[in-house]
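Below is one structure; the comments refer to it alone.
Throughout, read-outs are computed from the coordinates displayed, never taken from laboratory work. All figures in this text were calculated on a predicted structure; none of them were measured in a lab. FYI the Cβ positions are ideal-geometry reconstructions off the backbone, even for glycines, and counts take in every protein chain you see.
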């Protein structure tokens, strides 16, 4: 666990094994949980609004899909969806949830920093609360992979935790606005939306809650008791060949 620096991650991100998180609920030494705090059992409300606004189309990738709730929701809306995650246990849970909802999703285990075999395949790519889990080297590889798998003219929809939130210590590798803008430069990408909003989460493990209280961090909850956390919401479009610099 981290020291007394109130901006340092509460849990050493390098020590987190996401397969153990999904397999037996172990986030770190001494911190166990029934399920990950990002597993709410429902699609992210912001993504629901984006889909209902018509900004998801064609073949869809949900990278870092976890237990699959976003992917299952999108499939229930008639989209052709592929859900990928590095954790085999997460993919097992996602397949079970898709079967329970009687929807078809192509789930597979994959490394988000590679995504070999998926080049130029997807019209819409969803990267939900993944980028801030990657260290700088992994992040660079992930962004390159996203660019490869997104078709020209395709759309990327991303959420990640910022570096200026009161709950920054709950974030493994928080991200600033300048870095996000540098990550999707013109003419290859055109950012159409970049704003902060609130995303919903589940219950934090008891050990993490104790550390949160010790640091004096004030958590925010919605009317239903769901945890609310600040997040960047980014939408960007990949240029088609010959489009040149875009506004």
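Extension gain residue 77-residue 137, at 0.36 nm per residue separation less the Cα-Cα distance, in nm?
That pair, residue 77 and residue 137, stretches by 18.1 nm at full extension.
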What's the exposure ranking of 238, 20, going from fewest to most Cβ atoms within 10 Å?
20, 238
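Find how much the distance from residue 17 to residue 109 grows on full extension, using 0.36 nm per residue of separation minus their present alpha carbon separation; answer in nm with one decimal.
Full extension of this stretch gives 31.6 nm more.
Tell me, what is the percent relative contact order of the stretch 133-214, built from C-alpha pairs under 8 Å that lie six or more residues apart? Intermediate results must be reported in sequence, preceding the final value.
Working: 27 pairs, mean separation 18.1, N = 82.
Relative contact order, the stretch 133-214: 22 percent.
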Which percent of Cα pairs goes in each bin when the distances of the stretch 195-247 are cut into 10 angstrom slices starting at zero?
19, 33, 20, 12, 14, 2
Relative contact order of the stretch 13-238, pairs being alpha-carbon contacts under 8 Å that are 6 or more residues apart, as %:
20
The chain - Rg (one decimal) and Dmax (whole number), Cα, Å
17.6, 55
Shape parameters for the stretch 85-133, alpha-carbon atoms, Rg then Dmax in Å
12.1, 32
Return the Rg/Rh ratio of the stretch 42-156 with Cα-based radii and a Kirkwood Rh.
0.94
On a 0 to 90° scale, report how tilted helix 136-149 is relative to the longest principal axis of the chain, with both axes built from alpha carbons and the result rounded to the nearest 10.
30
Cα-projected label distance for residue 218 with residue 49, points at 7 Å along beta-carbon direction, nm
2.3
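Semi-axes of the stretch 148-247's equivalent ellipsoid from the Cα gyration tensor, sqrt of 5 times each eigenvalue, largest first, rounded to whole Å?
Numbers: eigenvalues 236, 35, 22 Å².
They are 34, 13, 10 Å, listed from largest to smallest.
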Report the gain in length on full extension from residue 101 to residue 197: 0.36 nm times residue separation, minus Cα-Cα distance, nm rounded to one decimal.
31.7 nm
Percentage of Cα-Cα pair distances in the stretch 1-101 greater than 21 Å, rounded to whole percent?
42
Diffusion coefficient, µm² s⁻¹, Stokes-Einstein with Kirkwood Rh over alpha-carbon pairs of the stretch 39-97 at 4 °C and 1.567 mPa s
113
